[in-house]
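Reviewing the structure listed below.
The values are calculated or read from the model by the stated rules, or taken from the named source; none is laboratory data. In this text the structure is predicted, and so the values were computed from the model without any measurement. Backbone-built Cβ (ideal geometry, glycine too); neighbour counts: all protein chains shown. Just the protein is used for accessible areas: all its heavy atoms, side chains included, with ligands, DNA and RNA removed. Shrake-Rupley method; radii C 1.70, N 1.55, O 1.52, S 1.80 Å.
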Amino acid sequence: MLLLQLFIILTVCPRSNLGSRTYPSVFSYFTCPFLSSQLSIFFLMDSYNQTQETEFIFLAFSIFQRHHIHFFLVLLAAYLVTLLGNFMIIILVLLDSRLHTPMYFFLSQLSCLDICLSSVVVPKILVNLLCQHYTISYNQCLAQAFFLIGFAGCEPALLALMAYDRYAAICQPLHYAHLMRNKLCVQLSVVIWLWGFLDSAIHVALASRLDFCGNNNIPHIFCDIPPFLKISCSETWVNEFTNHITSLFVGLVPVLFIILSYFYILGCILQIRSNTGRRKAFSTCASHIAVVIVCLGNAFVNYNQPSAGYSLQVDTFISTMFCIINPLLNPLIYSLRNKEVKGAMKTVLGCQKI
C-alpha cells in the first residue's frame, strides 16, 4: 500500500522541470493533500503497530506444561477455599452482633480485599490452564494490572488501620469509643480504597506509554508492572523511580506506623501486672501480627525486585504466594486463633463444637 501511494505521488502530482529532466516537485507532496494525509496516516499506523501489542503471551505457564491439569485442580481448590473462608468472615461479621466492632469491620474489609485480589488473577489463570491458551489481550492486561495493584495497594493501609485499632483498644480503652467511632471507620475505609486505586492509576498510566517493539512474551503468570518493565524497549527509569517512591508511601509508611503502634502496645502490655491479662491483651494482636508478616513480607519481595530480577520459577512462586496463598491464609489465621470468630461460627451454625 505504501509503494502504491508513493507511485501515485510520483506520477500524478505536479512536477518541476530542471533542464532536460523532469523531477517530482519539492512541493508535490503538499499539493496532493489527500494522498499526503493518507500517507501520513499510514506511517502513524505503521509506527503504532510496531510499538503497540494487541496480545501478550504468558511464558510462566511453560513451567506447568506437563502437569497443567494437576496445577489447575490445586489452584481451583485453593481459590474455592479462599472464597469460602473470606465470605464466611464477612457473613459472620454481618450476622453476629458481637462482631459489630471496628476490629471486625476492618477484618471484613480485609476479607473483601482478599476476595477481589484473588478474583482478579485466579479465574484468568484457570481459563488459560484449562484451554491451554496462555494469552491475554493488551487492554485486558492493563485492566488486570490496574485492579491487582489497586487491591494490593489498599492492604498495607488497612493493616495499619487495624494496628491503630488495637493500639486504641489496649492503650486508650477509655477513649476507644470516640477514637474508633463508626462514622470515622467508614470514612477511613473509603480513603484507603481511593488511596490504593490512585496508586494503581499512576502505575498503569505510565505502563500504557511503554513500547514493546514486537516483544509480547511476558515472563510471568499474570499481568503486573514488573513484567511490563522487563519486556519494554522504552526507557523505564520513570516507571522504576515511581515504583520506588510509591512503595515508600503505600508500603513503608504503613509498616512504620504498624511498628510504632505495636511499640506502644508492647509498652502497655508490659505494664499489666497479671500474666492472664498480658496473655489476653497479646492474644487480640497475635492474628493481626501474623497476617502483617505474611502479607507485607510477600508484597515487599514481589514489588521490590533486584535490578536483575528473579528467575522465571522464583518469580512465579513469589507471585503465586502473593495473590493466591495470602488470601487463602488470612481467614484461616483469624478463624483458628480468634475465640470470638469461632464463637460466632458456633452461633450461626447452631452447633456446640466445630
Out of curiosity, is Val301 modelled with pLDDT under 75, open to solvent by 50 Å² or more (accessible area, probe 1.4 Å) and not basic (Lys, Arg)? yes
Pairs returned, first residue in region 263-290 that is in contact (Cβ under 8 Å) with a residue 60 or more places away in the chain, second residue that is open to solvent by less than 60 Å² (accessible area, probe 1.4 Å) and not in a helix (DSSP H, G or I), beta-carbon separation under 7 angstrom, 6 or more apart or interchain, are Ala281/Ile272
Of the conditions (1) open to solvent by less than 40 Å² (accessible area, probe 1.4 Å); (2) farther than 22 Å from Cys112 by Cβ, Tyr167 satisfies every one except a single condition; which number is it? (1)
Restricting attention to region 221-251, which residues are more than 30 Å from Ser62 (Cβ to Cβ) and either among the hydroxyl-bearing types (Ser, Thr, Tyr) or in contact with a strand residue (DSSP E or B) (Cβ under 9 Å, 6 or more places away or on another chain) (or both)? Thr242, Thr246
Search region 49-60 for residues that are open to solvent by 30 Å² or more (accessible area, probe 1.4 Å) and pair each with any residue that is among the charged types (D, E, K, R) and modelled with pLDDT of 80 or more when their beta-carbon atoms are under 9 Å apart and the residues are at least 6 apart or on different chains. Gln50/Asp211; Thr51/Asp211; Gln52/Asp211
Within region 256-274, considering residues that are in a helix (DSSP H, G or I) and small (Gly, Ala, Ser), the one most open to solvent (accessible area, probe 1.4 Å): Gly267
Return the total of residues in region 61-112 being over 22 Å from Ala177 (Cα atoms) and charged (D, E, K, R). 1
Can you name every residue in region 132-150 that is assigned to a helix (DSSP H, G or I) and open to solvent by 20 Å² or more (accessible area, probe 1.4 Å)? Tyr138, Asn139, Gln140, Leu142, Ala143, Phe146, Phe147
In region 183-214, which residue that is without any contact (Cβ under 8 Å) to a residue 60 or more places away in the chain and polar (S, T, N, Q) is surrounded by the most Cβ atoms within 10 Å (Cβ to Cβ)? Ser200
Kindly establish whether Val191 is at pLDDT 90 or above, under 18 Å from the mean Cα position of the chain (by Cα), in a helix (DSSP H, G or I) and more than 13 Å from Cys323 (Cβ to Cβ). yes
Within region 155-205, tally of residues that are more than 23 Å from Cys268 (Cα to Cα), small (Gly, Ala, Ser) and out of contact with any Phe, Trp or Tyr (no Cβ under 8 Å at 6 or more places or on another chain): 1
Going by what's in this entry, would Ala160 be described as among the small types (Gly, Ala, Ser), more than 25 Å from Ala205 (Cβ to Cβ) and without any contact (Cβ under 8 Å) to a residue 24 or more places away in the chain? no
Only one of (1) of a type outside the set (Phe, Trp, Tyr); (2) at pLDDT 85 or above; (3) farther than 30 Å from Cys131 by Cα; (4) surrounded by 13 or more Cβ atoms within 10 Å (Cβ to Cβ) fails for Leu95. Which number is that? (4)
